[in-house]
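The values are calculated or read from the model by the stated rules, or taken from the named source; none is laboratory data. Predicted model only: the values in this text are computed from it and were never measured. As a convention, Cβ positions derive from the backbone with ideal geometry for all residues, glycine included, and neighbour counts pool all protein chains shown.
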Amino acid sequence: MTHFFYGSKNGVSTVIRLTIKLCSIYVLRAAGIKAYVNASSLDVDQKEFLTTWLDNIVTACELLTILEKVYEA
């Protein structure tokens, strides 16, 4: 019974690792994405909403990358 949740632990850790990888890629490209949004033909309110949303994603990614990863023995 000790290995009952082993698969789900691997699945969750895989999702976390993939999310961290995607976040690192996004953080590298965030300035270009913001520049694209600011150069687009959207309304001022839509641009502000998108840039705020993108800033929140960067903040969430930074918080996710500082999480301590503890592996079971």
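A few points about this structure:
- Selection within segment 29-71 - in contact with a Ser or Thr (Cβ under 7 Å, 6 or more places away or on another chain) and within 30 Å of residue 13 (Cβ to Cβ): 64
- Which numbered condition residue 9 misses (of (1) surrounded by 12 or more Cβ atoms within 10 Å (Cβ to Cβ); (2) modelled with pLDDT of 75 or more; (3) assigned to a helix (DSSP H, G or I)): (2)
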